[in-house]
Amino acid sequence: MPPNSTTSLDRSSPKTHAGKHGRLRAAGLIGSSIEWYDFFLYGTAAALVFPHVFFPDAEGINGVLLSFSTFATGFIARPLGGLLAGNYGDKLGRKPMVVISLLGMAIFTFAIGCLPSTGSIGLIAPILLVTCRFLQGIACGAQWGGLALLLSESAGPKHRAFSGSFMQVGVPCGALLGNLVFVIVSTSISHEAFISWGWRVPFWATALLVPVVMYIQLKIEDSPEFEALKQEVSADKPAVVRAPLWQAVKSHWKTILLASGTLSATNCVFYITIAGALSYGTTYLGMDYNSMLIAAMLSTVVAIPVTLLGGKLADRIGRRPVIIIGGVGILIWAFPYFALINAANMAMFTIAVSVAAVFQSLVYAPVASYFGELFAPQIRFSSVSLAYQLNAIIVSGSTPIVMTWLISEMDGSTLGITLFVCAMAVITVGCAIALKETNPRSVRQSPTAVPGEHLRVDNSTIAEAVNS
């Protein structure tokens with residue numbers, strides 16, 4: 001790729017580009033927030049509602065485990081969505097995949113809110129639930145890579161992590177919205193009405209995503225870096241974009257696995273906070289679910305500014321240091337985290353999840369830009385999607401199940417899940433250390449250097465590798 005292709009954002013004036021990118025950040029933040037609202041909404045419903053609606057015959061903890069198993073189905077599907085979107089996103093562009101995934105998420109989340117209960121249609125109800133969750137997972141898996149790259153590739157080279165963090169902020173914003181809507185609905189009507197029909201209202205609210213999809217489709221351009229790549233690819237170099245997914249796996253599997261590993265601690269702690277801890281608190285500690293939900297909401301409020309701050313910090317001191325600080329923080333906080341939760345006091349619970357949110361957000365903040373900078377533009381979408389979604393299926397979807405099972409097997413003790421969190425933190429730190437820094441001091445101090453440029457291979461090398 002020509003030297004100026006990654007640094008030149010577009011042909012418009014700086015002021016015009018700043019306005020365009022500001023609108024892109026806003027659209028990305030809103031779209032990501034609603035997308036993750038849809039996905040996390042299911043986790044709240046899985047802990048609070050679905051055992052009664054779709055698994056009424058299961059007793060006690062078995063109903064919760066069955067419900068969390070359907071929750072995990074979305075994570076199983078996410079790698080498939082990431083692979084499909086990555087393969088076509090490296091060929092057709094970032095924006096088309098973002099539009100398709102956001103629209104798919106809106107449709108299947110709305111459909112979940114329309115499903116009849118097991119009491120109405122029998123076994124077909126949980127089957128339909130699992131099917132919708134699987135399709136929802138595909139849409140979610142397709143979304144992350146496209147939106148992350150659309151934001152980071154469209155930003156100036158010195159602001160990529162901060163720009164990408166707007167997409168990352170969508171995760172706590174989505175969790176906050178999901179919990180907030182559930183609290184409002186569940187406290188506005190009787191428990192019987194909530195279990196009967198009230199839980200459906202938050203799922204129907206996903207229709208708000210459709211206008212955002214239309215705005216991105218009609219008003220947002222694809223990233224300048226991908227447009228430059230399209231112009232560079234000529235008729236005699238079809239291999240550059242023929243099989244990006246295969247080339248990503250063939251040539252960069254170690255980097256993909258290490259990148260995926262950096263997410264272990266943040267994903268583990270996040271899904272304990274928004275799902276596992278809520279179930280544990282009500283089942284074993286007798287805590288009020290709505291109060292814990294409010295505490296979880298406060299932790300997401302903390303995560304929003306910390307994520308943006310982490311993005312800015314990653315542009316100033318590098319991607320790896322920010323991730324390592326967050327990973328070490330999670331390792332240190334693991335035992336106090338569960339000790340405070342076990343106090344069965346809402347103030348202590350709030351402190352536990354809020355401090356955890358700080359460290360978890362630091363790990364997560366640089367990921368959108370860091371993952372993209374580790375790979376050449378020709379295979380970037382495929383690579384980052386695979387790295388991100390691998391950890392989703394291995395850690396994110398399984399953590400609430402692992403937590404529920406470990407606590408059940410250890411007669412209510414949280415020692416097992418505490419050690420599990422520590423192990424995830426060690427994996428995060430170890431993988432970050434093993435990866436190369438894409439934004440070292442030499443790049444940060446140079447007015448023209450682009451993060452990750454020194455790690456890439458050129459088009460001819462990739463073409464030769466694909467043809468070999």
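Could you list Asp411, Asp288, Asp90, Asp315 in order of exposure, starting from the residue whose Cβ has the fewest other Cβ atoms within 10 Å?
Going from sparsest to densest Cβ surroundings: Asp411, Asp288, Asp315, Asp90.
In square nanometres, what is one fourth of the surface area of the convex hull spanned by the alpha carbons of the stretch 125-217?
Computing the convex hull of the Cα atoms and averaging its projections yields 7.5 nm².
I'm a student and want to see the number: the projected area of the Cα convex hull of the stretch 69-191, averaged over all directions, in nm².
Taking a quarter of the hull surface, the average projection is 9.2 nm².
Please list, in chain and number order, the residues 5+ apart from Met287 or on another chain whose amide H is under 5 Å from its amide H, with Hs placed from the backbone.
Thr282
Over the stretch 277-423, what relative contact order in percent results from Cα pairs under 8 Å that are six or more residues apart?
28 percent
Just list whichever of Lys91/Lys312; Lys158/Lys250; Lys95/Lys312 have alpha carbons separated by over 27 Å in the model shown.
In this structure, Lys91/Lys312; Lys158/Lys250 lie more than 27 Å apart at Cα.
Coordinate-derived values only; no laboratory data. On a predicted model such as this, the values are computed, not experimentally measured, just so you know. Ideal geometry is used to build each Cβ from the backbone, glycine not excepted, and the neighbour counts take in all protein chains shown.
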